[in-house]
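Written below as structure tokens is the structure these notes are about.
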Amino acid sequence: MTIDDAPREALRGNPRELLRWVATGAAVSRADLSRLSGLSPSTVSQRVEALINQGLLEEAGAGQSRGGRRPRQLAVPTGGAVVGAIDLGAHHARIGTLDLSGRVVQGRTLPVRIEDGPETVLGTLLAEVTALASGGATAASGGAPGASLASGGAAAGALRGIGIGIPGPVQHSTGRIVSPSRMPGWNGFDVAAFCADRVDVPVIVDNDANLMALGAHRTAHAEMDHAVYIKAGTGIGSGVISSGQLHRGAQGSAGDISHCRVVADPAPLCSCGNAGCLEAVASGAALVTALREQGVPVSDLTGVLRLIDDGDRHATALARQAGRAIGEILAVVVNFFNPQVVAIGGRLADCEPLLASMRATLYERCLPLATQTLLIERVATSQDIGITGAAHLVIDHVVSAHP
Ligand SMILES: [Zn+2]
């Protein structure tokens with residue numbers, strides 16, 4: 001082992017990782033876990049017993065016999081316990097329940113008016129998610145399309161926690177929202193305290209880019225230690241995975257690239273009061289504003305994407321400019337942080353001209369050593385990536401609360 005391997009080695013075989021190996025099918029027995037982790041059979045047994053006692057693992061039937069005693073097979077319980085998840089956007093929220101391996105049990109999309117304020121919006125979504133978890137449906141969502149119940153549904157009281165993603169900066173230690181751009185009435189709102197008064201399970205709050213990063217990392221790049229995920233939609237942000245873990249920094253603002261300055265002349269004014277921020281140049285909202293200023297009658301990001309698909313030259317030029325701006329900021333991030341993968345998600349990830357310029361700028365501006373083996377790709381499109389990340393926030397919390 002070299003010194004460089006030390007931080008990752010220290011994490012090897014932690015309860016979270018044991019759980020993940022069982023959840024992904026990489027391990028079905030204590031012997032498998034011992035082999036994968038390099039831990040002694042007695043240490044593995046101890047950790048597995050603890051996970052079984054918490055209801056996070058169960059023993060199912062008997063494994064293949066190699067003579068002697070049949071090894072007991074391990075599995076992640078799928079019947080009872082679930083995690084609730086809310087991925088809040090400006091106009092819609094994706095809510096769901098997921099099992100303890102992070103698989104979606106039920107998912108629903110609900111319309112949201114963020115300007116109705118935190119009490120109304122979060123109160124409604126919490127009620128919806130707890131109703132889903134207890135196997136019922138509230139009047140607002142009953143029979144909604146896209147809803148699906150797993151066999152038997154989820155038993156009441158089996159909810160282990162709720163993960164919530166907010167489209168704005170969240171102070172991690174308190175769960176409080178701090179100066180969000182497009183969320184009037186939400187500044188300073190204590191999401192964690194509001195939820196704690198209403199549900200009696202742990203509630204973990206984070207920003208939407210971190211949720212996407214965690215969801216994408218656990219489903220697509222779990223074996224990669226260092227990754228950067230860009231969420232480019234109406235707003236723009238990023239989430240960082242370092243040594244296999246979500247890196248939040250001191251306050252929870254790590255990865256927030258939205259107000260990094262990019263050169264633009266004339267520099268458009270940003271919602272934060274500065275000029276020339278990445279968000280004011282390259283976000284979906286910025287593209288809408290810029291096109292309208294050119295006299296193009298477009299009202300939202302959907303309209304912009306349609307124009308780009310149709311080959312409109314104004315919209316396409318703006319998308320390329322946005323891609324270059326994102327690439328310039330990302331080049332600094334990649335040179336500094338040296339990730340194995342940079343993946344872009346959100347609605348702008350489907351915009352080919354933007355992606356092409358982002359990629360070209362990254363290669364142009366990065367050190368050869370940083371890009372030699374760097375993967376640059378799209379986050380697999382899924383409406384459930386955010387709630388998957390939200391569920392993993394809770395699963396990590398539940399597991400690490402019982403080392
Ligand atoms: Zn700004």
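The values are calculated or read from the model by the stated rules, or taken from the named source; none is laboratory data. The structure presented is a predicted model; accordingly, all values stated were derived computationally and were not measured. Counting neighbours? That spans all protein chains shown, and the Cβs are built from the backbone with ideal geometry, glycine included.
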Q) Do you know which of the residues in region 221-245 that are among the small types (Gly, Ala, Ser) and part of a loop (DSSP other than H, G, I, E, B) is farthest from the chain's Cα centre (by Cα)? A) Ser243
Q | Scan of region 81-124 for residues that are surrounded by fewer than 22 Cβ atoms within 10 Å (Cβ to Cβ), without any contact (Cβ under 8 Å) to a residue 40 or more places away in the chain and either touching a Gly at 6+ places or on another chain (Cβ under 8 Å) or of a type in the set (A, V, I, L, M, F, W, C) (or both), ordered by number | A | Arg108, Leu110, Val112, Val121
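To keep it simple, each residue is scored yes or no on (1) part of a loop (DSSP other than H, G, I, E, B); (2) farther than 27 Å from Leu393 by Cβ; (3) at pLDDT 75 or above; (4) within 27 Å of the chain's Cα centre (by Cα).
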site: Glu9; (1), (2), (3), (4): no, no, no, yes
site: Leu19; (1), (2), (3), (4): no, no, yes, yes
site: Ala26; (1), (2), (3), (4): yes, no, yes, yes
site: Ala31; (1), (2), (3), (4): no, yes, yes, no
site: Ser34; (1), (2), (3), (4): no, yes, yes, no
site: Ser42; (1), (2), (3), (4): no, yes, yes, no
site: Ala60; (1), (2), (3), (4): no, no, yes, no
site: Gly67; (1), (2), (3), (4): yes, yes, no, no
Q. Given the residues Val333, Val296, which is the only one that is surrounded by 15 or more Cβ atoms within 10 Å (Cβ to Cβ) and modelled with pLDDT under 95?
A. Val296
Q.
From the list Gln372, Gln321, Gln294, exactly one residue is polar (S, T, N, Q) and touching a residue at least 40 places away in the same chain (Cβ under 8 Å). Which is it?
A. Gln321
Q) In region 255-282, what residues are modelled with pLDDT under 90, crowded, with 16+ Cβ neighbours inside 10 Å and hydrophobic (A, V, I, L, M, F, W, C)? A) Ala264
Q) Within region 338-353, which residues are in a helix (DSSP H, G or I), touching a residue at least 60 places away in the same chain (Cβ under 8 Å) and either among the aliphatic types (A, V, I, L, M) or surrounded by fewer than 16 Cβ atoms within 10 Å (Cβ to Cβ) (or both)? A) Leu348, Ala349
Q) Within region 203-220, is even one residue surrounded by fewer than 21 Cβ atoms within 10 Å (Cβ to Cβ), assigned to a loop (DSSP other than H, G, I, E, B), on the phi < 0 side of the Ramachandran plot and not charged (D, E, K, R)? A) no
Q | Selection count, region 364-403, where residues are out of contact with any Leu (no Cβ under 9 Å at 6 or more places or on another chain), assigned to a helix (DSSP H, G or I) and charged (D, E, K, R) | A | 1
Q: Can you tell me which residue within region 259-302, out of those that are in contact with a Leu (Cβ under 6 Å, 6 or more places away or on another chain) and outside any helix (DSSP H, G or I), is farthest from the ligand (Cβ to nearest atom)?
A: Val298
Q.
When you scan region 157-172, do you find a residue that is free of Cβ contacts under 8 Å to residues at least 12 places away in the same chain, away from the ligand (no atom under 16 Å from the Cβ) and surrounded by fewer than 24 Cβ atoms within 10 Å (Cβ to Cβ), even just one?
A. no
